[in-house]
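Scroll down for the structure; my scribbles are underneath it.
The values are calculated or read from the model by the stated rules, or taken from the named source; none is laboratory data. Note that the structure is a prediction, hence the values are computed from the model and not measured. Counting neighbours? That spans all protein chains shown, and the Cβs are built from the backbone with ideal geometry, glycine included.
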Amino acid sequence: MEVQETRVQTDRVLTIPNILSMARLLGVPLFLWLILRPEFGGPKSDGWALLVLMLSGVSDYLDGKLARRWNQISKLGRLLDPAADRLYILSTLVGLTWREILPLWLALALLARELMLLVMVGILRRHGYPPPQVNFLGKAATFNLMYAFPLLLLSDGTGWLASLAEVFGWAFAGWGTTLYWWAGILYVVQVRRLVKADTEAD
């Protein structure tokens, strides 16, 4: 993570990138409902859940791309985009853990990292710094996890496709979790340096 401010190029709310991000947010409860349907006596809807997740990934790519190309980077967009990412990760963790596809310890490890990040953001704000921007390492971690979760969902079945999805799903989950914590630890180090510098300046 980098503690720096991305240049805001517009204060408009209804831009195409922001509408895409809002649509992604609206897809979160739908995605979670589709995953948990069989737990409440409904039919299995994993295919539809995977479709929602795939559309979310496409919109995630497009909103950032279009915001930069059309000079529509906004304060709202800077909030919506990471919020949608985290909510999809959270809803997937809840759904897959509930269905016992994902072990509880892994879900707790990822949630603990998010809690650590929230604490660091609070410290930054108290010292007058903006929320962090996601750097390459953080993006790589999210990329791996967003591949891992659909594959693990797909592995909850039978046949060669489910077996293959399980192998690759756990590979992406391992890499993603490691990178997620690595990015988090680097962020803690950066925050510590900033706070130390402020203290010495005072």
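Tabulated data
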| item | result |
| --- | --- |
| Residue that is surrounded by the most Cβ atoms within 10 Å (Cβ to Cβ), among those in region 96-109 that are under 15 Å from residue 37 (Cβ atoms) and out of contact with any Phe, Trp or Tyr (no Cβ under 8 Å at 6 or more places or on another chain) | 101 |
| Filter result (closer than 16 Å to residue 144 by Cβ and over 14 Å from the mean Cα position of the chain (by Cα)) within region 94-133 | 96, 102, 106, 109 |
| Residue in region 111-150 that is nearest to residue 45 (Cα to Cα), counting only those that are in contact (Cβ under 8 Å) with a residue 24 or more places away in the chain and of a type in the set (Gly, Ala, Ser) | 148 |
| Qualifying position, being under 14 Å from residue 177 (Cβ atoms), touching a helix residue (DSSP H, G or I) at 6+ places or on another chain (Cβ under 7 Å) and not in a helix (DSSP H, G or I), among 102, 96 | 102 |
| Set 179, 153: member being assigned to a helix (DSSP H, G or I), touching a residue at least 12 places away in the same chain (Cβ under 8 Å) and touching a Lys or Arg at 6+ places or on another chain (Cβ under 9 Å) | 153 |
| Inter-residue pairs, beta-carbon under 6 Å, first assigned to a helix (DSSP H, G or I) and in region 161-174, second hydrophobic (A, V, I, L, M, F, W, C), 6+ apart | 165/151; 165/154; 168/151; 169/148; 169/151; 169/152; 172/148; 173/148 |
| Residue selected from region 37-93 under the condition among the aromatic types (Phe, Trp, Tyr) and modelled with pLDDT of 70 or more, by the criterion nearest to residue 149 (Cα to Cα) | 88 |
| Residues located in region 135-158, provided they are closer than 11 Å to residue 183 by Cβ, surrounded by fewer than 18 Cβ atoms within 10 Å (Cβ to Cβ) and in contact with an Asp or Glu (Cβ under 9 Å, 6 or more places away or on another chain) | 135 |
